[in-house]
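Here is the structure we will look at, set down as structure tokens.
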Amino acid sequence: MTGTLLSILLLGFLLGIKHAIEPDHVIAVSTIVSESKNIKRSISAGVYWGIGHTATLFLFGMILIVAKNTITDTVALSLEFIVGIMLVSLGLNSLLSFMKHRHPHSHHTPDKDTKGRTHLKSFFIGLIHGLAGSAAMVLLTMSTVSTAWQGALYILIFGCGTIVGMLTFSTVIGIPFVLTSGKQVNRYLNNFAGIVSILFGIYYMYNLGVNEGLFSLWFS
């Protein structure tokens, strides 16, 4: 493996860390982590998000690289739009879930089941984010490496960077939610995370639809 390729892969790893903490990723994972009662679950949320994100980036990225195809602007922006819908849904679900668990007659799900749902939710959100980022990932990879196997390696290293970046972030952001678990302030933190997710999701969709021209592409 040449020094140049090693440098490229190191850059990919660092870009993966940077990519993990983009606003839509951070807000989505924060909304999940807000439901955590212990730091292990917060860490797991970040790891499972990163695994899901890497899985779709690798799968769709390699299909497009090998087939030497690109995604049209309409498809790329539409996939990004799904992220906005997901952010709004996550926020609403967080607010409704918190209200439901505060009801005196609500039945609490066993901790093991809740843990499994958290992992599945994190993985699924990572999948969606990975799908939405496939177009940009392919362009970045094709401009960086020269062969398909190097492209595969680059995407995997990039994915490892996103896992490390999101693991670190989810650990840090999980601390205040874990420390305030069972206290009144936890309610405000949960509601704040949900509201931010909803508002950012609406802004995200508006920006894509109006400023990026997605609505014009849809209805032209």
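No lab work stands behind these numbers, since they all come straight from the coordinates. It should be emphasised that the depicted structure is a prediction, and the values quoted were computed from it without experimental measurement. Backbone-built Cβ (ideal geometry, glycine too); neighbour counts: all protein chains shown.
If the label point is 7 Å along Cα→Cβ of Thr168, which residues in the range 119-160 have backbone nitrogen under 17 Å from it? It comes to 157-160, nothing else.
Computed over the range 116-195, the P(r) tail beyond 16 angstrom holds 67 percent of alpha carbon pairs. Which of these, Tyr188, Tyr48, Tyr206, has the largest mean-square fluctuation under a Gaussian network model of the chain (Cα springs below 10 Å)? The residue that fluctuates most here is Tyr188. Computed over the chain, the range of Cα coordinates on each principal axis works out to 60, 47, 24 Å, biggest value leading. Couplings for the range 127-139, taken from phi via the Karplus curve 6.51 cos²θ - 1.76 cosθ + 1.60 with θ = phi - 60°, read 4, 4, 4, x, 5, 5, x, 4, 4, 5, 5, 5, 4 Hz in order; Gly and Pro are left as x. Anyone know which of Gly52, Gly209, Gly61 comes out most mobile in the 10 Å Cα GNM of the chain? In this elastic network of the chain, the residue with the biggest mean-square fluctuation among Gly52, Gly209, Gly61 is Gly209.
Over what distance in Å are the Cα centres of the range 1-68 and the range 165-182 separated? Using only Cα atoms to place each centre, the spacing works out to 18 Å.
Residues considered: Ser143, Ser94, Ser44. Largest GNM mean-square fluctuation over the chain, using C-alpha springs under 10 Å, is found at Ser143. With each label modelled as a point 7 angstrom along the Cα→C-beta vector, the Trp218-Ile195 pair spans 2.8 nm. Here the spin labels are modelled as points 7 Å beyond Cα on the Cα-Cβ line, and at Thr2 and Ile175 they lie 4.4 nm apart.
Taking packing as the residue-averaged number of other Cβ atoms within 10 angstrom, the listed peptides 27-36, 133-142 run from highest to lowest as 27-36, 133-142. A Cα-only calculation for the range 1-84 places Rg and Dmax at 15.9, 46 Å. The modelled label-to-label distance for the pair Asn207/Arg117, using points 7 Å beyond Cα in the direction of Cβ, is 3.1 nm.
The sum of -39500 (n - 2.57) across all DSSP H runs of n ≥ 4, divided by the residue count of the chain, sets its helix-only mean residue ellipticity at 222 nm to -28500 deg cm²/dmol.
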